[in-house]
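The values are calculated or read from the model by the stated rules, or taken from the named source; none is laboratory data. Note that the structure is predicted; figures quoted are calculated from it, not measured. We place every Cβ from the backbone using ideal geometry, glycine too, and count neighbours over all the protein chains shown. Note: accessible area is taken over every heavy atom of the protein model, side chains too, but ligands, DNA and RNA are not part of it. Shrake-Rupley method; radii C 1.70, N 1.55, O 1.52, S 1.80 Å.
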Amino acid sequence: MGSSVLGLWERLRGVPGGEWVFSWGFAWKAPYFRSVRPRFVQVGANYAALTVRKRRAVLNHLGTVHAIAVCNGLEAAMGALAEATVPPGKRWLPKGMEVAYLAKSTSDLTCTAETDPDAWEAGPEVPVRVRATRADGTVVVEGTIHLWVTDKKT
């Protein structure tokens with residue numbers, strides 16, 4: 001997908017079923033994300049959002065969305081943001097993730113990722129703020145994914 005992520009999102013989002021096609025393609029390119037079946041609702045420079053449905057395959061023994069499934073959704077949002085935002089000639093790699101589990105994930109979740117535009121030029125470390133929110137607006141997980149941004153090898 002590479003730097004074409006934003007262009008692909010822009011082309012597909014206005015087409016009936018386009019968000020589903022984009023989400024499926026994104027998870028096909030990065031197969032681990034298929035486990036949470038992300039459904040992207042917004043992709044842009046410095047911001048991405050997706051939903052993760054509360055369904056049996058992602059539940060823990062308490063009947064809530066498993067913490068690692070939530071983190072998987074957050075990382076998918078971060079990946080779309082990074083692909084849509086990384087400057088030309090640069091590449092990114094996740095360097096680490098710090099999250100706090102704040103409440104039970106008892107519903108479908110919205111996972112968001114956000115960066116400050118200046119962070120991409122200041123690099124090489126770019127902090128991405130991530131948050132998962134329940135349908136009632138309660139934040140269930142919040143944290144930062146740290147990216148390492150370097151020049152592409154030629």
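Hey, could you check region 137-152 for residues that are charged (D, E, K, R) and more than 17 Å from Ala69 (Cα to Cα) and say which is surrounded by the most Cβ atoms within 10 Å (Cβ to Cβ)? Step by step, filter region 137-152, then rank; the result is Asp151.
Filtered by the rule that a residue be open to solvent by 40 Å² or more (accessible area, probe 1.4 Å) and under 18 Å from the mean Cα position of the chain (by Cα), region 115-136 gives Asp116, Pro117, Glu125, Pro127, Arg129, Arg131, Arg134, Ala135. Residues that are among the small types (Gly, Ala, Ser) and either in a loop (DSSP other than H, G, I, E, B) or buried (at least 17 other Cβ atoms within 10 Å of the Cβ) (or both) within region 42-77 comprise Ala45, Ala48, Ala49, Gly63, Ala69, Gly73, Ala76, Ala77, listed in sequence order. Checking every residue in region 16-29 against the condition of being outside any helix (DSSP H, G or I), surrounded by fewer than 20 Cβ atoms within 10 Å (Cβ to Cβ) and free of Cβ contacts under 8 Å to residues at least 24 places away in the same chain gives at least one match.
Here's the yes/no breakdown for (1) within 11 Å of the chain's Cα centre (by Cα); (2) assigned to a strand (DSSP E or B):
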{"residue": "Arg34", "(1), (2)": "no, no"}
{"residue": "Phe40", "(1), (2)": "yes, yes"}
{"residue": "Gly79", "(1), (2)": "yes, no"}
{"residue": "Lys104", "(1), (2)": "no, no"}
